[in-house]
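Below you'll find the structure, written out as structure tokens, and then a few comments.
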Amino acid sequence: MPEPQPAHSPVAPLTVSVVVPVRDDAASLRACLRALARQTTAPLEIIVVDNASRDDSAQVARAAGARVVREERRGIPAAAATGYDAASGDVIARLDADCIAPPDWIASITRSLNARPDVAAITGTATFHDGPPRWRRLGAHLYLGAYFVSLAPALGHVPLFGSNLALRRDAWEHVRWAVHRHDPELHDDLDLSFHLGAPWKLRFDRSIELQISHRPFTSASALRTRLGRGFRTVFVHWPRELPWLRWRRLIAARRAARAAGRGLPRPGRHQLDAPSDRPGRAWAG
């Protein structure tokens, strides 16, 4: 079976669509878009997914020159998937509305993917841009370290971090109907990791760094919600994706690829058949 081939050669310039889901966070979105306007490598487009906001998030996005797509179903899984569906670039880069990207963020993404044409998705690291100054780097690294270390054994590869990831659009098109976009109580980045990770290659690149907000970590209830969604995201993929079964398939795919002298094979039908519903209506503006 032929392997998944990136749509572009390693030397061809990659076009990048940036997707920013937002719900009632106009002030943070304004700062996020201001940072994206200062990129040394300009994106093909910036898509802001207005997740049924009641504030002026959509107006802020349009004023900054972003394309606005509205998703009425609440939840990051639905909003992120709608943004990915709308993207037209070779690469889909994702960050949250309360993130601040450095000027070389997009350049770092394209450089990393050009260097590894066999990689379908990459994820980076982060520091906090708010909260106690002494905690901003250490706290973020402890949080992300725990995330990567705890989930990599279950997945058999690095998990994607939703506030700082990029994937090739052709990879998204293979799994777009398989992700659980209908469930607002899942972590969409971890769900995407389950669907992309075998047989596609995912990579962590610490040179791709941005700033995130520590707001989700300021209350015990918010932390409980994040943990609960994490467990739910893992359990919804069981029993098929139990770690030992997933590792067995991943090892078999890699052995087959080595024996054939080429990259990993295309996903099988189990990755393309959708357990989730089709996306609801979305509006572009």
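The values are calculated or read from the model by the stated rules, or taken from the named source; none is laboratory data. None of these values were measured; they are calculated from a predicted model. Here Cβ is always computed from backbone atoms with ideal geometry, including for glycine, and neighbour counts include all displayed protein chains.
Can you spot a residue in segment 94-110 that is farther than 15 Å from CYS32 by Cβ and of a type in the set (Gly, Ala, Ser)?
Yes, segment 94-110 contains at least one residue that is farther than 15 Å from CYS32 by Cβ and of a type in the set (Gly, Ala, Ser).
Taking first residues from segment 218-237 that are assigned to a helix (DSSP H, G or I) and partners that are at pLDDT below 90, the Cβ contacts under 9 Å between residues at least 6 apart in sequence or on separate chains come to ALA222/ARG215; ALA222/PRO216; LEU223/PRO216; LEU223/PHE217; THR225/PRO216; ARG226/PRO216; ARG226/PHE217. Residues that are in a helix (DSSP H, G or I), among the hydrophobic types (A, V, I, L, M, F, W, C) and either touching a helix residue (DSSP H, G or I) at 6+ places or on another chain (Cβ under 6 Å) or farther than 25 Å from GLY75 by Cα (or both) within segment 11-44 comprise ALA26, LEU29, listed in sequence order.
Does segment 170-192 hold any residues that are outside any loop (DSSP other than H, G, I, E, B) and more than 21 Å from CYS99 (Cβ to Cβ), and which are they? Please lay out each step first, then the result.
If we filter segment 170-192 for residues that are outside any loop (DSSP other than H, G, I, E, B), which is where we start, we get 170-175, 188-192.
The answer is ASP170, ALA171, GLU173, HIS174, VAL175.
Checking the stated criteria, ARG249 turns out to be in a helix (DSSP H, G or I), more than 26 Å from THR82 (Cα to Cα) and of a type in the set (Lys, Arg).
For segment 148-165, the condition of being in a helix (DSSP H, G or I), surrounded by fewer than 18 Cβ atoms within 10 Å (Cβ to Cβ) and touching a residue at least 12 places away in the same chain (Cβ under 8 Å) holds for at least one residue.
For PRO117, the criteria (1) surrounded by fewer than 21 Cβ atoms within 10 Å (Cβ to Cβ); (2) in contact with a strand residue (DSSP E or B) (Cβ under 7 Å, 6 or more places away or on another chain) hold in every case but one, which is (2). Return yes when ARG54 is surrounded by fewer than 24 Cβ atoms within 10 Å (Cβ to Cβ), in contact (Cβ under 8 Å) with a residue 40 or more places away in the chain and either under 29 Å from TYR143 (Cα atoms) or more than 14 Å from the chain's Cα centre (by Cα) (or both) and no when it is not. For ARG54, the condition - surrounded by fewer than 24 Cβ atoms within 10 Å (Cβ to Cβ), in contact (Cβ under 8 Å) with a residue 40 or more places away in the chain and either under 29 Å from TYR143 (Cα atoms) or more than 14 Å from the chain's Cα centre (by Cα) (or both) - is not met. Restricting PRO132, PRO102 to those that are under 22 Å from GLU45 (Cβ atoms), surrounded by fewer than 18 Cβ atoms within 10 Å (Cβ to Cβ) and either without any contact (Cβ under 8 Å) to a residue 40 or more places away in the chain or in contact with a helix residue (DSSP H, G or I) (Cβ under 8 Å, 6 or more places away or on another chain) (or both) reduces the list to PRO102.
Cβ-Cβ contacts under 7 Å between residues 6 or more apart (or on different chains), taken from a first residue in segment 191-204 that is at pLDDT 90 or above to a second residue that is part of a helix (DSSP H, G or I) and among the polar types (S, T, N, Q), are listed as ASP191/THR233; HIS195/GLN271; LEU202/SER193.
For the subset of segment 173-189 comprising residues that are touching a helix residue (DSSP H, G or I) at 6+ places or on another chain (Cβ under 6 Å) and more than 19 Å from ASN51 (Cβ to Cβ), which member is surrounded by the fewest Cβ atoms within 10 Å (Cβ to Cβ)? Applying the filter and picking the extreme gives ALA178. Residues considered: ALA107, ALA86, ALA93. Of these, the only one that is in contact (Cβ under 8 Å) with a residue 40 or more places away in the chain, within 23 Å of ALA171 (Cβ to Cβ) and crowded, with 24+ Cβ neighbours inside 10 Å is ALA93.
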